[in-house]
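Peer 1: Below are the structure tokens for one structure; questions will follow.
The values are calculated or read from the model by the stated rules, or taken from the named source; none is laboratory data. What you are looking at is a predicted structure, and each value in this text was computed from that prediction instead of being measured. Methodologically, a virtual Cβ is constructed for each residue, glycine included, from the backbone with ideal geometry; neighbour enumeration extends over all protein chains shown.
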């Protein structure tokens, strides 16, 4: 293989019409000094993009003219191949981690669904029965009024009453609010039963 400088000079002069260094530099969009350095074997510091421009103007592959560019290209290819391998491994690891997280989330959902099935139903009927049993123990002056209020309470009100912990004060407070909303007489405990 010919030395790069003599081969580049031959290619430059073989153009029709033959190119001077200034003309080659202007066609490539680089400085005269850069082209002179490339032709005289001092172009190791020149970017690969400039090698491509000069080779394109001369109509050849840059690897055929510039051995230093070929070495840099090989190193770049090795670097990108290794980097892509690392990225591929990282990508696979991320996908496996994501899959494991999705499986764990699906398992948590299944566990929650199972727990919901094991829990007693919280239907209006269930809440009413539980609250009737609780209210009977409270000993209201007029139990039918308390029952009427319970029957007319909305499911949200029943749920709030049920989830308040079924304390005497909480039940009376909820029943009084519901009675006020419904326009009924607030239930009162029998004398001597309030603690």
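Peer 1: I'm checking my understanding of the structure. Among residues of the range 2-22 that are more than 11 Å from residue 66 (Cα to Cα) and not in a helix (DSSP H, G or I), which one is modelled with the highest pLDDT?
Peer 2: Going through the qualifying residues, I end up with 20.
Peer 1: Suppose we keep only residues that are crowded, with 19+ Cβ neighbours inside 10 Å and assigned to a helix (DSSP H, G or I) within the range 58-77. Which one would you say is modelled with the lowest pLDDT?
Peer 2: That would be 69.
Peer 1: Moving to a separate point now. Look through the range 126-178, keep the residues that are at pLDDT 75 or above and assigned to a loop (DSSP other than H, G, I, E, B), and return whichever of them is farthest from residue 188 (Cα to Cα).
Peer 2: 154
Peer 1: Okay, next question. Name the residue that is nearest to the chain's Cα centre (by Cα), counting only residues in the range 23-38 that are in a helix (DSSP H, G or I) and in contact (Cβ under 8 Å) with a residue 12 or more places away in the chain.
Peer 2: Per the criteria, the residue is 28.
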